[in-house]
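Heads up: the structure comes next, in structure tokens.
The values are calculated or read from the model by the stated rules, or taken from the named source; none is laboratory data. None of the values given here were measured: they were computed from a predicted structure. Glycine gets a Cβ as well: all are built from the backbone with ideal geometry, and neighbour counts include every protein chain shown. Areas reflect the complete protein model, heavy atoms only, side chains present, ligands, DNA and RNA absent. Shrake-Rupley method; radii C 1.70, N 1.55, O 1.52, S 1.80 Å.
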Amino acid sequence: MPELPEVQALAERMTADCAGRTLARLDVLSVQVLKTFDPPAHALHGQAVRGVGRHGKFLDLATADDLHLVLHLARAGWIRRRAAFPDPAPARRPGHGPLALRLVLDDGSGFEVTEQGTTKRLAAYVVTDPGAVPGVARLGPDPLGEEFTPAALAALTSGVRKRLKTLLTDQSVLAGIGNAYSDEILHAARLSPYALAASLDEEQRERLFTAVRGVLTEALERARAAGAADALKAEKKAGLAVHGRAGERCPRCGDTVRSVNFADSSLQYCPTCQTGGRMLADRRLSRLLK
């Protein structure tokens, strides 16, 4: 799933590619992707593109007339720049194939929005205010924004009986962190994913704050340096220390990276670095270890 660093890099590249351009048309190739009807999608046609921003994991293409196309790429969505498109758009049966949207600019170039797999969760909204999108409205502070400070993190964790893994991936707590970077942050902070937020002392909170900023900043720098959009995925995977690396050696201590599997996701951690050598129990089989 694209997370804050990849979405931010996509936003910056799309802004550069759209500079001085007008959105000639928006082809909705999968009706189920479009979650709004007023304004209609065709209201974007002929609109000058002001830029592309980010709200957590949401992309926000804004026009000069204050219309917004807000996109959430979900787990399997992606955006690729195209130098040209066939005209007209190819016919397809609803719900079949990866193509979801085409954003065609006035010079014939643009962007292709796709979603792989059979579980379709990619979402697009045409709105006059991004805050009208439910997922945007509930977002917590941006972990790379000025509002995220050590004091803010203390307020977000104080008295909160949530496990750190759950806390970090809760978009109403912090916007933009997902499964992969939450694993990386907790590894960098040397904290168990099952530790309760309320149990952190001042030194642990300081480590967590430093890890949040450090991991995301470094990932964003790598994402900006990557070439084409597809290179972002490879760069993200290459830069991960523990996520997706179960069975490999921890780059810090050399212990074996372990995994805990859930119904539709998993987490990875290093026992030596994060849990005092203890193995975390798979919650499908037994109770969680504290």
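When you restrict to C-alpha pairs under 8 Å that are six or more residues apart and normalise by the size of segment 133-175, the relative contact order lands at 63 percent. Calculated mean residue ellipticity, 222 nm, the chain: -8500 deg cm²/dmol, from DSSP H runs (n ≥ 4) at -39500 (n - 2.57) each, averaged per residue and rounded to 500. Mean sequence separation of contacting Cα pairs (under 8 Å, at least six apart), scaled by the length of the chain, corresponds to a relative contact order of 16 percent. Each label was represented as a point 7 Å from its Cα along the Cα-to-Cβ direction; for Ala16 and Asp129 these points are 3.4 nm apart. Below 8 Å between Cα atoms, with a sequence gap of 6+, how large is the relative contact order for segment 160-211 in percent? Value for segment 160-211: 43 percent. Placing unit charges on the Cβ atoms only, positive for Lys and Arg and negative for Asp and Glu, gives segment 170-290 a dipole magnitude near 300 debye about its Cα centre. Going down the table (Lys35/Lys233; Lys165/Lys236; Lys35/Lys237; Lys57/Lys120; Lys162/Lys237), which pairs top 21 Å between alpha carbons? With Cα atoms farther than 21 Å apart: Lys35/Lys233; Lys35/Lys237; Lys162/Lys237. For the chain, a simple Cβ point-charge model (Lys and Arg +1, Asp and Glu -1, everything else neutral) yields a dipole of about 1240 debye relative to the Cα centre.
Could you compute the FRET efficiency for Asp201 and Asp65, with r as their C-beta to C-beta distance and R0 at 45 Å, rounded to 0.05?
According to the calculation, E is roughly 0.30.
Looking at segment 87-194, the GluC sites (Glu not before Pro) that sit in a DSSP loop and have at most 14 other Cβ atoms within 10 Å of their own Cβ are Glu146, Glu147.
How large is the accessible surface per residue of the chain, computed with a 1.4 Å probe and reported in Å² as a whole number?
Per-residue accessible area for the chain comes out at 46 Å².
Mind grabbing the base-10 log of I(q)/I(0) for segment 95-215 at q = 0.09, 0.18, 0.22 Å⁻¹? Debye formula, identical points on the C-alpha positions, no solvent, two decimal places. Calculated log10 I(q)/I(0) at the listed q: -0.36, -0.95, -1.19. Taking the accessible area of the chain, probe 1.4 Å, and keeping the other protein chains in place, the carbon and sulfur fraction comes to 51%. For the chain, a Kirkwood radius taken over Cα pairs fed into Stokes-Einstein (25 °C, viscosity 0.890 mPa s) yields D = 121 µm²/s.
Mind running the shape call on segment 1-80? Use the C-alpha gyration tensor, a ≥ b ≥ c as the square roots of the eigenvalues: rounded below 1.5 for a/c, prolate if a/b tops b/c, oblate otherwise. Oblate is the answer for segment 1-80, as a/c is 1.5 or above yet b/c matches or exceeds a/b.
Given their separation in residues at 0.36 nm each and the Cα-Cα distance between them, Ser158 and Asp106 gain 13.6 nm when the chain is fully extended.
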